1. Averaged over peptide D:33-43, how many Cβ atoms belonging to another chain are found within 10 Å of each residue's Cβ?
2. Return the average number of partner chain Cβ atoms within 10 angstrom of each residue Cβ along peptide C:136-149.
3. What shape does region B:199-246 take by its C-alpha gyration tensor, where a ≥ b ≥ c are the square roots of the eigenvalues and a/c under 1.5 counts as rounded, a/b above b/c as prolate, and the rest as oblate?
4. Neighbour counts of other C-beta atoms within 10 Å: give me C:175, B:263, C:25 arranged from fewest to most.
5. What nm distances, shortest first, do you get from the label point of residue B:84 to those in the other copies when the point sits 7 angstrom along Cα to Cβ?
6. Would you please state which residues of region B:200-230 a label at residue C:98 would reach in this model, taking the label point 7 Å out along Cα→Cβ and a backbone N cut-off of under 18 Å?
7. Given axes a ≥ b ≥ c from the Cα gyration tensor, I'd like to know whether the protein assembly as shown is rounded (a/c under 1.5), prolate (a/b larger than b/c) or oblate.
8. When Rg is the radius of gyration of the Cα atoms in region D:223-278 and Rh is its Kirkwood radius, what does Rg/Rh come to?
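We did not get these values from a lab; they are worked out from the coordinates using the rules stated. Not measured: the values here are computed from a predicted model. Glycine gets a Cβ as well: all are built from the backbone with ideal geometry, and neighbour counts include every protein chain shown.
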């Protein structure tokens, strides 16, 4: 099935509006030290933001993310992590959003959210009882579109995706069929994926038959112990003769994988990044390219990646939106993401396993 | 401690506004049969609603609730359950809300909700991580005010309130100290309260020591079997020699109790209402008088009572708001209530036991 | 696909075991009044229970449910609701379970639960992260078996099943294809199913496009108002020209429907039972015949029906197990059911919509 | 109030039992490389484990944690992280638990868990409806005992503890009154604690009045930017003139703080550990000393710390249990911890704010 999806057109701000015509040139101030911003620094949202660098020249930030600084670089802007700003770099200052200080946050570039204005209405909040058949259909169509048009689909996975056979198989199929351009996860997802390949279990429990294997709690430790003899995850997978699963498929397909270490880890596997901020850098490299992101069954990684993900990308064809889906069992996870600012996220409140299997079935076909 | 609470003043609509000055007289149509409304009937919200019965005479509905009909009764209005409308009664028709058909829904009589207009902000949704110390303090002050000023505090309780010793004791203290003017619950709350009085258990588990009693699953059956020999709950409690607990305290203090039967019930106890719609009638009799309602750990009863509860009462002193608190472990319960229209509800996302103990401690003092 | 499912054989107790050979004849005592049991009455579990009525004659209760009484009826047993026992009827007394009083609760007739005996193991509790692909596969196979062998599949549905187009369509397909022999629900499921048929909405929200309809909060009230002009749900559906949906399909297929009224109801629709205990009787009539039951997205009805559902049925071929699945977003729902004694229930922790669509797809085929 | 708590006596294994008398000496094998264990390595549980090093000499592991290796060090044992084992070190091998290979896992040193053996019972699983008044009382008594007897109470806190004024004040009081010997958290808890000190907000929302501050989403960024000018958290707090709050109290009281960085962090603050495995080392240094641990509102840290925490400590007086409480809104968090092996954890299913305020009130007195 070919995609019928069409990107919504981007409507730039009306810079001829009186309030913008008389807006001042944006100010900047030098960073007082490495990793320190000047007073009154401006922090980016994940929305398109324009800075008036000279009279009438409003420059769109070339990328965006929440809570970054804007450094003026000649006639251009760079969006930089506060901790990566170097002493003396000119940082845009000002906290107003409507041009008063030469900074414009453009909230409705892709159209206003649809609404209904009755004083009294039901179903104002999205819960587990909200219908989402159409969200699935839209997502399927979007993913087909991305695949056909060189989009970058980033998956952010919690370990539950590897704890069930059908769910793990589904992810493998999606990777093999071109629906995954980057994969972000922690040590646990990767470890349990290898455990499934070697032993057929997740934390000692058969991922299909659900039986506990005798001494199964050793399985992931044995996997880690074997894999750690190697210098890279690729070597480990190859040497251990692993040919199926999420990690193996990413390696075969050349899909970049970022594995961020955490304080919960055993092992870790080779190629897991121990330093949290180095992990952020690698995740951000993916966020910068992402056109659609899907976070499944992981609050920590979903919120972390949500903080990094822009709401738009600048492409040769113009400005396009970035889509973000978060799949979780709990309304709390989706609400928390909104509370951290990721308002563009579409929440699908269901089990990771059902979600994965549904997406596979729609995009790759039925393996039942 | 005396209450420092002050009711917010009610601001009636500005009937001199041009849009209302030219509003038509409201229309009505006869009910075509008992329990059947005419086409285009108007359904009430829980907000103050005015109907223009004659030129310039806007009559405030004397009570309100969600999804009721308005029957014109001479120069007055009656708010009636659709199923209780009799054939031929004149029912107000029209579905607009701003006077276009002589009906005005007055959403901001107690002031607009406080807001903040940044384009970008955090914490837009209330979750388990939202601060609620002040909600407690406000609630304590409100309850003191109600007690001192003849308010009507209605408690709507799930069985969990009786499953823990401290929580059950807390409710008893609140009843004995004048903080409960009506109690709504199901057969389970009452049964487990009596089980606690007779056996010290809830479903066989000691409500303090948490131990399972041997054959404890018989406890509630034995309680029911003994109580059912009597014609009323009062007789049963007296004959069984029960002097402590929620039911006994209500009986001693003359607090009316409405026990609505459900399909989950064993027994039931005497005085449990079997007919769901008769239960509604009795609950509504409480809703009509309520000035503050608190629903604890019961989705079914909270949503049912939320549907019945007006957002205001007309008192000799004027129009005052009705307060509604819902205490539940799940954001879903509060969201669901909002999705059913009870937007005035303040959600406190915590465990029933902690909530009950806190309220007791603040209002009655510390029994630790 | 034909079912490969095989019922596990039933292993009766070994009545030649010494402890049973010397067990006494069970005692009984007359009920002291209508609806009142004698002291020390025996209450049934949902397990097979045997009563020794005369030396060596152990009679299996012909049906079972939690917390019922056993009345001796000549040489047979009747399992009766406590409230339905009549004065003077001989009620079995005794609370031991291993024959000490002539009563034997037979917990492992269908084999012991599989286990693993490491001192240390992971994954001892079932959560949203437990794999359930195999539960689905087993369920599909079981449902095919039931359909091919005259089983009785009872569905117990919460309103969420009707709030989403694909989920509602799925239920319709299952009914039409012989996978539903009885349907239990409340007024809300039926009302929103009719609302979907008439308006395409659930509580005013489009069940596919998710948009709020203007004045959509009137939709279910209009549906109720129209339907209530008729004396039965069947007449209402026919007169309103409704041909699709869950209710219409049940009527067409002759599937019995039990709609239990609750205190949350608007309306209600014709054929909704107002009396909670009359609703129980009707639900129990279904429980008595059920061979597999599936409760979806409804805690109240799931727990109520779980209390009524036996763990076995006596068929012409012998004793067979009764299967019970509960589908809910919350571990709490499944745990609560276990806490109320329904230990045979298999919990599937996911969204109702995904569950329904999966079952339809596996059994009826793909309509995407 | 003085503590009435008494530690349960430790019952060592009966090494004269025949099965142990004939048990072999445990084997060991050299680690083949740094951070790599030999085949068939033994992994510790968090239970007391004994290794027979020479005939009749069973040595208790001097500490324990889940999934560590045991290195033989002369006549003693060392429990070592697998990744910290050096090439050639002798690692105990064998996976049986009852002495078959000279290794004994001693599961019931502090007595068997209390039980009840009815075939049928209610309330077998702990949920939000389980009573916990006694858990509170036991915890209060335990904490008094620890304070009076030189115990080591470790708190593991999620950011929610700092998002509410009363909750934050409660933690401060507990620190100041000797009820906290170590504090483990992430960058977020510390940042929002400082935000509360400087601005009175958490993520821009007033921690008491709940109002969003205008531009409040800058508050934590400004706090981070100021604090990052300093080389240590202590310098930052002092220079910023912060005298109240959790961080300031720890610094004043000399309570060690471990702040583990994560991929979700802004900043980070000085003294936050970027490397996940270095964070583990620091957390483990606390785990090794802990006699009671309390994890509040943080799944990631609770599971991480639960993996490190032994179930016992060897003190000059003998072997004593280590207590672990986990406070969370979700049964899932507690279940997940059990699924990862921390079976000794007592779950309290409630809101962090209520929990903190309760503990403060019981131990320090009422500040209302």
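1. Numbers: counts 2, 1, 4, 5, 6, 1, 3, 2, 4, 1, 8.
Across D:33-43, the average partner-chain Cβ count within 10 Å equals 3.
2. Working: counts 5, 3, 0, 0, 1, 0, 0, 0, 0, 0, 0, 0, 0, 0.
Mean number of neighbouring Cβ atoms from other chains: 1.
3. Because a/c hits 1.5 or more and a/b fails to exceed b/c, region B:199-246 counts as oblate.
4. Details: C:175 23, B:263 26, C:25 14.
Sorted ascending by nearby Cβ count, the order is C:25, C:175, B:263.
5. The answer, with the shortest distance listed first, is 3.3, 6.7, 7.2 nm.
6. Output list for this probe position: B:214-216.
7. rounded
8. Details: Rg = 11.4 Å, Rh = 11.8 Å.
The Rg/Rh ratio comes out at 0.96.
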